[in-house]
1. Report, ordered by the first and then the second residue, all pairs with beta carbons closer than 8 Å, sequence separation of six or more or different chains, a first member in segment 226-243 that is touching a residue at least 12 places away in the same chain (Cβ under 8 Å) and part of a strand (DSSP E or B), and a second member that is open to solvent by less than 30 Å² (accessible area, probe 1.4 Å) and of a type in the set (D, E, K, R).
2. Give the number of residues within segment 173-198 that are within 15 Å of A156 (Cβ to Cβ), open to solvent by less than 10 Å² (accessible area, probe 1.4 Å) and either in contact with a Leu (Cβ under 6 Å, 6 or more places away or on another chain) or not polar (S, T, N, Q) (or both).
3. Search segment 156-172 for residues being within 21 Å of A131 (Cβ to Cβ) and open to solvent by 10 Å² or more (accessible area, probe 1.4 Å), and hand back the single one that is modelled with the lowest pLDDT.
4. For A201, only one of the following conditions fails: (1) touching an Asp or Glu at 6+ places or on another chain (Cβ under 6 Å); (2) without any contact (Cβ under 8 Å) to a residue 40 or more places away in the chain; (3) within 19 Å of R261 (Cα to Cα). What is its number?
5. Test each condition in (1) open to solvent by less than 20 Å² (accessible area, probe 1.4 Å); (2) among the charged types (D, E, K, R); (3) over 30 Å from D223 (Cα atoms) for R148 and report the one that comes out false.
6. Which of the residues that make up segment 239-274 are open to solvent by 20 Å² or more (accessible area, probe 1.4 Å), farther than 30 Å from D217 by Cα and in contact with a strand residue (DSSP E or B) (Cβ under 8 Å, 6 or more places away or on another chain)?
7. Before we move on, is D37 touching a helix residue (DSSP H, G or I) at 6+ places or on another chain (Cβ under 9 Å), at pLDDT below 80, surrounded by fewer than 10 Cβ atoms within 10 Å (Cβ to Cβ) and more than 27 Å from V267 (Cα to Cα)?
8. Tell me which of these E85 doesn't satisfy, since it passes every other one: (1) modelled with pLDDT under 75; (2) over 30 Å from A257 (Cα atoms); (3) among the acidic types (D, E).
Amino acid sequence: MARDRSQREDYATPLRRLLLGVIILCLLAIFIVWRIDSPRVERFRAQVTDAVVPNLDWAMAPVTGTINLFRDFQSYRRLAEQNRELRSELRQMQAWKEAALQLEQENARLLDLNNVRLDPRLTFITGVVMADSGSPFRQSVLLNVGARDGIVDGWAAMDGIGVVGRISGVGQNTARVILLTDASSAIPVTVQPSGQTALVAGDNTAAPLLDFLENRDLVRPGDRVISSGDGGVFPAGLLVGQVAADPNGRLRVRLSADFERLEFLRVLRHYGTETVEDPGGLVTPLGAVRLLTPEDGDG
């Protein structure tokens, strides 16, 4: 057995050397042929290249596939990064859109405030609603204007359309507005076109009661309700709402102000109505009346 192995080794060693020598000679011949600068050799090299290179596509296929896979992975990474950037920009745009919508709504409400037609003798202060009471038993809001701005208890507060309530409590920098829906609120009003006077009394519901009507039969749902100015609490002619009937047949007032979105309120400066001390002076000035004589009658 050892002899057979030694015999195989004796044959294998010369064969390896012979094979190595043949390979070296072939490589040397290829090198020499590839370095010869001759037209015939050039044509020969071109023929060899045309014959060998196309047949090596199968060997290059894994390399080409690997390169393409690497390129695709790089493209995927770039797409993923672009996708993240686009999502971030989309979130920013959504935030900007929301901010733009809020500014548009605030602008619309401020424009509504400017469009309300008031008595030119009335001036006003615009305040921002800072907070509400959050209580079902007391309905009020807090404004960012107070005594430093000249706010006085009892003044009327309006949104862009109608009366919201009255000032009830003034601090140095803030003021509280009792809403018309509060149970402690009651203002005198006039119902148009009948001219009936009544009292709008809050009961902690969205539509306060219309009480103390002179003649209920003259009032219909849909009639306009404005402040009457009686008692000097509110100026006359401020829009309050419209008459409505509840399922029990009681008359209520559907308020014109939007109590769900109170952001800006206009506080009206109202120092009361001027009292008439000389009724006769309103009819004829002093010294303008002259008694008629019989001679005047004959003339």
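1. Listed pairs, sorted by first residue: Q242/D223; V243/D223.
2. Counting residues in segment 173-198 that are within 15 Å of A156 (Cβ to Cβ), open to solvent by less than 10 Å² (accessible area, probe 1.4 Å) and either in contact with a Leu (Cβ under 6 Å, 6 or more places away or on another chain) or not polar (S, T, N, Q) (or both) gives 7.
3. The extreme case among them is G160.
4. Tallying (1) touching an Asp or Glu at 6+ places or on another chain (Cβ under 6 Å); (2) without any contact (Cβ under 8 Å) to a residue 40 or more places away in the chain; (3) within 19 Å of R261 (Cα to Cα), A201 fails exactly one: (3).
5. Status for R148: all satisfied but (1).
6. L262, E263, F264, R269, H270
7. no
8. Unmet condition: (1).
The values are calculated or read from the model by the stated rules, or taken from the named source; none is laboratory data. Computed from a prediction, not measured in an experiment: that's the story for all the values here. Positions of Cβ are generated from backbone atoms using ideal geometry, with glycine treated the same way; all protein chains shown enter the neighbour counts. Only protein heavy atoms, including side chains, enter the accessible area calculation; ligands, DNA and RNA are left aside. Shrake-Rupley method; radii C 1.70, N 1.55, O 1.52, S 1.80 Å.
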